[in-house]
Amino acid sequence: MLYPELFKSLERVRWNMDTDIPWDTFDASLLTDEQATTIKMNAITEWAALPATEMFLRDNVDDSDFSAFMSVWFFEEQKHSLVLMEYLRRFRPELVPTEAELHAVRFTFDPAPAQETLMLHFCGEIRLNHWYRRAAEWHTEPVIQHIYKLVSRDEARHAGAYLQYMRRMIDRFGDEARAAFARIGMLMASSARSKKALHPTNLHVNQAMFPNDTVQSHLPDPEWLERWLDEQIRFGREWEAKVVGMILTNLSLLFNRTIANVQELNRYRKELAKSLQTEPQTA
């Protein structure tokens, strides 16, 4: 089992919301209304770990190890929402999300293959790590800068934990798992072709609710994410290249072969698909 050691490793670096955040260094002159509003949107977005956890537990009912790890992931993701709300409670109480605004992002996600969902969220953690690092640079108020740096490091550790479960899936399922990871890797690394942010909270997850079936579509301002990325934190080509590079680097390690760009990943994806099609069927 991976969960016991992952629990210990994450426990060793867990930060305390009361003692590890320099609340007394807050400088009101360095926080604009525009910046404060984006903090509210991120607090609500992080709350969507609740329906994501419900999805993970439902779709991994045969995997108690991974399901147990969800207890750590869910705790830390909800803590991210809570620390952002605590910041607003202390310094911009009029912007604290209401219970109704938080509950709005809790809806049922359609069932999906566990391997593909894991890869999707692995890429999402990498992307969120970079978004929050860039947000820490965009903000000028020191307390929220500190918070985003803490949270970004949590997201990186979550990606590392997911990577361990992905290795375990390859050990168990071989090319079937490799093919699933390559398919979703292609989607999440092809950001240059997409007109929207490639993150789990911005993808369609409930066919019956389409088109209002993304987490972002349930926020008070459904258009805020693209504005935050493009106009505010300015998450441009340089930062996007870092995300794609990190995805490809980890896939290279996972597949034990060099994948330098999306084109090479696509070739490998096709190799895997062809291999799986030609494998003899067992009775």
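Could you list, in sequence order, all residues of segment 149-181 that are aromatic (F, W, Y) and either crowded, with 23+ Cβ neighbours inside 10 Å or closer than 21 Å to F7 by Cβ (or both)?
Matches in segment 149-181: Y162, Y165, F181.
Kindly list the number of the only condition in (1) surrounded by fewer than 18 Cβ atoms within 10 Å (Cβ to Cβ); (2) within 30 Å of A104 (Cα to Cα) that fails for T201.
Unmet condition: (1).
Of the conditions (1) touching a helix residue (DSSP H, G or I) at 6+ places or on another chain (Cβ under 8 Å); (2) closer than 18 Å to K196 by Cα; (3) exposed (fewer than 12 other Cβ atoms within 10 Å of the Cβ), E231 clears all except one; give me its number.
(1)
Cβ-Cβ below 8 Å, separation at least six or inter-chain, first residue in segment 185-196 and assigned to a loop (DSSP other than H, G, I, E, B), second modelled with pLDDT of 90 or more and not β-branched (V, I, T): which pairs?
Correct list of pairs: K196/E226.
Within segment 254-266, track down each residue that is surrounded by 13 or more Cβ atoms within 10 Å (Cβ to Cβ) and assigned to a helix (DSSP H, G or I).
L254, F255, V262, E264, L265, N266, listed by residue number.
Please state which one of A28, A48 is small (G, A, S), under 27 Å from N202 (Cβ atoms) and at pLDDT 95 or above.
The conditions single out A48.
So the check is Cβ under 7 Å with 6+ separation or different chains; which pairs have a first residue in segment 218-247 that's farther than 19 Å from P200 by Cβ and a second one that's among the polar types (S, T, N, Q)?
Q232/T38
Filter segment 33-50 down to the residues that are over 18 Å from T140 (Cα atoms) and of a type in the set (D, E) and list them by number.
Within segment 33-50, E46 is the sole residue that qualifies.
Among all residue pairs at least 6 apart or on different chains, which show Cβ distances below 8 Å where the first residue, located in segment 44-58, is of a type in the set (D, E, K, R) and the second is part of a helix (DSSP H, G or I) and surrounded by 18 or more Cβ atoms within 10 Å (Cβ to Cβ)?
If the second residue must be part of a helix (DSSP H, G or I) and surrounded by 18 or more Cβ atoms within 10 Å (Cβ to Cβ), the pairs left are E46/E77; E46/H80; E46/S81; E46/L84.
I'm checking my understanding of the structure. Among residues of segment 79-98 that are surrounded by fewer than 15 Cβ atoms within 10 Å (Cβ to Cβ) and more than 16 Å from W23 (Cβ to Cβ), which one is nearest to the chain's Cα centre (by Cα)?
So the residue we want is T98.
Which residue, of P222, P211, is farther than 30 Å from T32 by Cβ and assigned to a loop (DSSP other than H, G, I, E, B)?
Testing whether each residue is farther than 30 Å from T32 by Cβ and assigned to a loop (DSSP other than H, G, I, E, B) leaves just P211.
Please verify whether F109 is at negative phi, touching a Phe, Trp or Tyr at 6+ places or on another chain (Cβ under 6 Å) and of a type in the set (F, W, Y), treating the condition exactly as stated.
Judged against the criteria, F109 is not a match.
Determine whether segment 44-51 contains at least one residue that is surrounded by 12 or more Cβ atoms within 10 Å (Cβ to Cβ), within 22 Å of the chain's Cα centre (by Cα) and not in a helix (DSSP H, G or I).
Checking segment 44-51: at least one residue is surrounded by 12 or more Cβ atoms within 10 Å (Cβ to Cβ), within 22 Å of the chain's Cα centre (by Cα) and not in a helix (DSSP H, G or I).
Determine which member of the set E116, E155, E137 is under 18 Å from the mean Cα position of the chain (by Cα), of a type in the set (D, E, K, R) and either closer than 30 Å to Q232 by Cα or in a loop (DSSP other than H, G, I, E, B) (or both).
After applying the criteria, what remains is E155.
Surrounded by fewer than 21 Cβ atoms within 10 Å (Cβ to Cβ), modelled with pLDDT of 95 or more and out of contact with any helix residue (DSSP H, G or I) (no Cβ under 9 Å at 6 or more places or on another chain), is that true of A208?
Answer is yes for this residue.
Among the numbered conditions (1) assigned to a helix (DSSP H, G or I); (2) within 19 Å of the chain's Cα centre (by Cα); (3) touching a residue at least 40 places away in the same chain (Cβ under 8 Å), tell me where D65 comes up short.
If we test D65 against (1) assigned to a helix (DSSP H, G or I); (2) within 19 Å of the chain's Cα centre (by Cα); (3) touching a residue at least 40 places away in the same chain (Cβ under 8 Å), just (2) comes out false.
The values are calculated or read from the model by the stated rules, or taken from the named source; none is laboratory data. Keep in mind it's a predicted model, so treat the numbers as computed, not measured. Positions of Cβ are generated from backbone atoms using ideal geometry, with glycine treated the same way; all protein chains shown enter the neighbour counts.
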